[in-house]
Amino acid sequence: MSATPGGRLRLALFLGGVGLHRLAAYRLDFLLGSGAFLIRVGLQTVAVGVVFRHVPAVAGWSYHQVLFLLGCALLTRGLDHLFTDQLWELSRKLIQRGEFYRYLIRPVDPLFALLSERFFHPDGIGELAVGAFLVVWSGTALGLDPGPLQWALVPLLILAGALIHASVKLFFASLSFWTVTSMPALQTATQLSEFAGYPLDLYHASLRTLLTWVLPFAFTAYAPAVYLLHGDTGLLRWLPAVTGLSLLAALALWRRGLSRYEMTGS
Amino acid sequence: MRTALRPGRYLPFATSGLQTLLQYRSTFLVTGVTAAAGAAVTVFLWRAVYADPTGPGPGGFTRESITTYLVVAQVLAVAHANRVDDEVAAEVYRGDIAVALTRPVSYPLVRLAAGLPVVAANTALVGVPLLVLFAALVPLTVPAPADAALFLLSAVLSVLLAFCVNLLTGMAGFVTTNTWGVRMAKQGVVAFFAGQTVPLDLLPGPLRALASVLPFRAMADGPLTLLLGRYEGAAGAAAVLGHQLAWTAGLVLLCAVLWRAAVARLEVLGG
C-alpha cells in the first residue's frame with residue numbers, strides 16, 4: 001500500500017498531522033522555536049536597516065532590495081527546515097548510537113522513513129512567516145509588478161531553492177555513514193549558507209564562485225531575487241541543472257552510504 | 001574555607017574539560033568558520049558604508065577602525081563560546097544533573113572550571129588565527145599600548161560575563177525542553193546588543209538607549225571602546241570598566257540566586 005505514490009502521499013499527510021499534534025502538545029516549545037527565529041531575523045533586519053541609515057545603496061542594492069533578498073533566503077531555508085530537519089539527527093547521532101537500523105526495517109523507502117519522523121518541524125514556521133512577510137512588504141515598497149510568467153515561476157523557484165538546501169544537508173549528513181558523525185561538516189556548510197541572505201556582489205570573487213558553483217547557495221536566494229527584481233536570467237538559467245545535479249549527488253552519496261551501513265550492535 | 005570553595009577541587013574538571021575538547025577537534029573548525037563567516041558578512045557590509053577612505057565617517061569611525069571593531073568583536077565572540085549553555089541544558093534535559101549535584105562541589109563552579117580551558121583553547125586556536133587572517137586581508141587599526149592593556153583587562157571581564165549569560169541560558173533547561181530555541185534567541189540578542197553586527201554607536205536613539213541598559217554591551221562594545229581609544233580620558237575608561245564590573249557582579253549574584261531556586265524545585269525521574 002505504502003509503496004505507491006498515492007499511499008506515500010497519504011502516509012506523508014498522516015505523519016504531517018502527527019507532527020502538528022506534537023505542536024499543540026508542546027506549545028511553549030513551538031513558541032520558543034519560532035520566536036527565536038523571529039528575534040534573530042528581526043534583529044538581522046534592523047542591522048541591515050542601520051547600514052542603510054548611513055548609505056542609500058550597498059553594492060548597487062537598496063534597502064528594500066536587500067530585504068527582498070533576505071526574505072527569499074528565508075522562504076527557501078524555511079521550507080527545507082520544515083521537512084528535512086531529521087537529517088541533523090542523522091549527522092549527529094543516528095549512526096553513532098546505532099539507532100539508524102530502525103529506518104531500514106520499515107516497509108517504506110529509508111529516506112522517506114527518516115524524514116517522516118520530523119515532518120512539519122515547527123521551528124521552520126517562523127522562518128517561512130518572516131520570509132513571506134519580508135518578500136511581500138519589500139516587494140510592495142519597491143512597487144514590484146511581476147508578470148504572469150514570474151508569478152508562475154515563484155513556487156518553483158522556492159521549491160528548487162529548498163531542494164538545494166536539502167541536497168547540501170543530505171550530502172553532508174550522509175558523510176556520517178563513513179565518519180560516524182558529520183555534525184561539524186554539516187554545521188560548517190550551514191554557516192556558509194548565511195552568506196546567501198546578502199547580495200553576492202558584496203563579496204570577493206572567490207567567495208562568490210564558492211557560493212555559486214561549489215555549495216550552490218547562490219541559487220537559493222540571489223538568483224531568484226535578481227530575476228524577480230530585475231528580470232535578469234543570467235544566473236537563473238542554470239537553476240534547473242544545479243538543482244538536479246545537487247539532488248543527484250546527494251542521493252548517490254546517500255545510497256552508497258546506505259549500502260555500506262553496518263549496525264554497531266551491543 | 002568550605003571544601004566546596006577550595007580551588008584545587010576544580011582542577012580535575014578543568015583538565016577533563018580540556019580533554020573532551022581535544023577529542024572533538026573538529027569543533028574548532030566549526031567555531032572558526034562560523035566566526036570567519038560572521039566577520040566577513042559584517043565587514044563586507046560596513047566597508048561599503050565607509051567606502052570613502054579619507055577622514056572619519058558616521059559615528060567617528062574610519063574605515064580601518066570600523067573593520068577592527070567588527071573583527072575583534074568576532075574574536076571576543078569566539079572567546080565567549082564556552083559551551084556552558086549547551087552543557088548545562090543537556091545535563092538538565094537528560095537528568096544527569098542529579099549525579100552532578102551529589103558531588104561535594106558547587107556545580108556552577110564546576111562549569112566555570114570546565115569552561116575556562118575551552119575559552120583558552122578557542123582564543124588561542126581560533127580567535128588569534130582569525131585576527132591574523134583578517135589583518136592580512138584588510139588594514140586594521142593598531143591600538144596604543146595603554147588601550148591594548150585596558151582592552152585585555154576588559155576582555156577578561158567580558159569572559160566572566162559571557163559565562164554568567166550562558167549559565168543562565170542553560171538553566172532554561174529547567175523550564176523547557178526546547179533549549180535549542182532559547183539558545184538561538186540568546187545568540188541573536190547577544191550578538192546584536194553586544195555590538196557584533198552593528199557598532200553600538202551607530203544605532204538609532206531608542207535602540208542605543210536599550211543597548212546601553214542591557215548587560216551585553218559590556219561583552220564586546222565595552223572592550224572595543226577601550227581598544228580603539230574611543231573614551232574621554234581616565235574617567236571615560238573607568239566608566240566602561242565600572243559598567244562591566246557592576247554587571248558582572250550583578251549577574252554572578254543572579255546566577256547564584258536562580259541556581260538555588262532551580263535546584264530546590266528540580267525533580268529527576270530515575271531509572
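What follows is calculated from the coordinates using simple rules that are stated; it is not laboratory data. Every value quoted in this text rests on a predicted model; they were computed, and no experiment measured them. Cβ placement follows ideal geometry from the backbone for every residue including glycine, while neighbour counts extend to all protein chains displayed.
Both radii are taken from the alpha-carbon atoms of segment B:14-145; with Rh as the Kirkwood radius, Rg/Rh is 1.12. Take each residue in A:193-204, count the other chain C-beta atoms within 10 Å of its C-beta, and the mean is 3. The listed peptides A:77-84, B:20-27, B:116-123, ordered by packing as a protection proxy, come out as A:77-84, B:116-123, B:20-27 (highest mean of other Cβ atoms within 10 Å first). Peptides A:180-188, A:107-115, B:217-225 ordered by packing proxy, namely the average of other Cβ atoms within 10 Å per residue, highest first: B:217-225, A:180-188, A:107-115. Taking the longest Cα principal axis of chain A as reference, the axis of helix A:183-193 is set at about 20 degrees. Quick check for me: using +1 on Lys/Arg Cβ and -1 on Asp/Glu Cβ, what's the dipole size of segment B:3-264 about its Cα centre, in debye to the nearest 20? Charge dipole of segment B:3-264: 540 debye, to the nearest 20.
Cα convex hull, the protein assembly as shown: 173 Å³ per residue, rounded to a whole number.
Segment B:174-194 and segment A:105-183 have their alpha-carbon centroids 23 Å apart.
Listed from fewest to most Cβ neighbours within 10 Å, the set A:Ile39, A:Ile164 follows the order A:Ile39, A:Ile164.
Ordered by the count of other Cβ atoms within 10 Å of each Cβ, fewest first, B:Val268, A:Val51, A:Val46 give B:Val268, A:Val46, A:Val51.
Each residue in B:Thr177, A:Thr4 was given a count of other beta-carbon atoms within 10 angstrom of its own, and listing them fewest first yields A:Thr4, B:Thr177. Summarised in one figure, the compactness ratio Rg/Rh of segment B:3-264, Cα atoms and Kirkwood Rh, is 0.98. Within 10 Å of the Cβ of each residue in A:52-63, the mean number of Cβ atoms contributed by other protein chains is 3. Once each of the GluC sites (Glu not before Pro) sitting in a DSSP loop with at most 15 other beta-carbon atoms within 10 Å is removed, chain B keeps B:1-231 as its longest stretch. Dipole of chain B computed with +1 at Lys/Arg Cβ and -1 at Asp/Glu Cβ about the Cα centre; of B:Pro206, B:Ala120, B:Ala39, farthest Cα towards the positive end is B:Ala120.
Placing dummy labels 7 Å off each Cα toward the beta-carbon, the span from A:Trp213 to B:Ala144 is 5.0 nm. For segment B:74-106 versus segment A:187-232, the inter-centroid distance based on Cα atoms is 36 Å. Among complete DSSP H helices in chain B, those whose alpha-carbon atoms stretch at least 27 Å along the helix's long axis and whose mean Kyte-Doolittle hydropathy reaches -0.5 are B:26-49, B:145-170, B:233-264.
For segment A:5-260, the pair-distance distribution built from all alpha carbon pairs, in bins 10 Å wide starting at 0, is 7, 28, 35, 22, 7, 1 percent. Remark: mean inter-chain Cβ contacts per residue of B:32-41 equal 4, using a 10 Å Cβ-Cβ cutoff to other protein chain atoms.
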